[in-house]
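Before any comments, here is the structure.
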Amino acid sequence: MNAAVTLAPWGPADLPLLERANTPEMTAHLGGPETPAQLDERQERYLRLGAAGEAAMYRIEVGGTPVGGIGYWQVEHEGTPAWETGWNVFPEWQGRGIAREALRLVIRLVVARGERDLLVAYPGVDNPSSNALCRTAGFAHRGSGSMPWRGGELSFNTWVLDMAPLDLDRREPDLDERFDEGVLDEKVWWPYYLAHWSTRERAAARYSVAPDGLELRIDADTPAWSPEFDGGNRVSHLQTGQFSGPLGGSIGQHRFRDGLVVREAQPERRLHLPRHGVIEVRLAAVRHPDAMVAFWPIGFEERPDDCGEICIAEIFGSEIDDDGGWVGVGVKSQNDPRLRTDFEKIRVDGDLTGFHDYAVEWTPDGLRFFIDHRWVKTVNQAIDYPMQLMLDIYEFPRADGTRDLAALPHVLRVDRVRTFPPA
């Protein structure tokens, strides 16, 4: 599927889409088709509740072709105001990820509306695809139930997506790094980027620490950190741990490609290794097409499988514009066989070259991601091992091998890094 999935507001002419979805196949998990009169009433309800602001229904379109419907409407969940969502995709369009993308778009619309912190869904217990979609979209399973429906009994699962903002008011940090002491605290930070796959000389950070915070810098004479394994990529970086094996071996953190070999033995460093809780950074991105900034805790990797990545912020300078930009968040499995990559880019309005807060709330059951304390994504996967913080700015080589020397130095500004133990 090459054409983009888009949502269009439901309109007076969309009754035929309800009729097309009213087949025994499409309603098998809903108790069967409705009567023509019931469809007319449903169409009227969609329009009436939409006009009143109590619901929002949409056509799902692919390249301008209607392929189904989705929406959300006001409900209460266990006494708490919530939105409920539901969807359908016509049979010939199923199996292409359309419902997943449509639900992602609806979630973004609900978040932007900002009126209620819960989104719920009640797919039938015998509807595996809709239940799987809830799970992959970050909803948490909260039990099952049944109710009379269309002359029968409907058994359903309850899925809840918690979109509440990050609340740190009553929590005390176990790390509150403001970078305001004039020197880097090397009891917390190791100023080398994965030096085991290179050397400390090539992987050393360029930085300054001043009352205004940390500046990580790529200069004209910053070398490629590991030309053997990572080409012309340059990086200035801090991390809060270091673990790797002996010279000539293959044991080391962040095995980002096959064939890596330890080129310089490194001392072990267990500096600050959170295991659950909140991890937060306040930074200002760099708007240049060759630059990228990131904050991405990774497994300390004392055990090889404990190597997943929590991407709190990944911002490419090429994806920043005058109105805002895209911020990558989520989980990357890397080489952890227990994880699946669940990563997406979130559109953020405003100047990303100014300071913004990026955070994750990490529990034994999953992770909730935030930008400026607003919820943006949930990943329901378990990561249960120590993580080290990774903070950096990259400069990527151009296809022709040139560099924009006039734009250097590229500077990542960091106001603070905080971690909070589990609540």
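Take each of the peptides 350-362, 189-201, average the number of other beta-carbon atoms within 10 Å over its residues, and list them starting from the highest.
189-201, 350-362
Tell me whether region 5-162 comes out rounded, prolate or oblate; compute the Cα gyration tensor, take square roots of the eigenvalues as a ≥ b ≥ c, and use a/c under 1.5 as the rounded threshold.
In terms of gyration-tensor shape, rounded.
If the convex hull of the alpha-carbon atoms of region 320-423 is projected onto planes in all directions, what is the mean projected area in square nanometres?
For the Cα atoms of region 320-423, the hull's average projected area reads 8.9 nm².
Along Cα→Cβ, 7 Å out, is where each label goes; now give me the distance between the ones at residue 341 and residue 178 in nm to one decimal.
Label at residue 341, label at residue 178, 3.9 nm between them.
Running Debye on the chain with equal point scatterers at the Cα sites and no solvent, what base-10 log of I(q)/I(0) appears at q = 0.08, 0.10, 0.12, 0.13 Å⁻¹?
Values returned for q = 0.08, 0.10, 0.12, 0.13 Å⁻¹ are -0.52, -0.77, -1.01, -1.13.
Only four residue types carry charge here, +1 at the Cβ of Lys and Arg and -1 at the Cβ of Asp and Glu. Report the dipole size of the chain about the Cα centre in Debye, rounded to the nearest 20.
Computed charge dipole of the chain: roughly 560 debye.
Taking the convex hull of the Cα atoms, report for region 142-248 its projected area averaged over all directions, in nm².
Averaged projected area of region 142-248's Cα convex hull equals 14.7 nm².
Under a no-solvent Debye model with one identical scatterer per Cα of region 175-420, what's log10 I(q)/I(0) at q = 0.10 Å⁻¹?
So the normalised log intensities are -0.44.
Place the peptides 146-159, 76-89 in order of packing, highest mean first, counting for every residue the other Cβ atoms within 10 Å and averaging per peptide.
For the peptides 146-159, 76-89, the packing ranking is 76-89, 146-159.
Quick one: angle between helix 98-113 and the longest Cα principal axis of the chain, in degrees between 0 and 90, rounded to 10, please.
80 degrees
Just so you know, all these numbers are worked out from the coordinates, no wet-lab data involved. Keep in mind it's a predicted model, so treat the numbers as computed, not measured. Here Cβ is always computed from backbone atoms with ideal geometry, including for glycine, and neighbour counts include all displayed protein chains.
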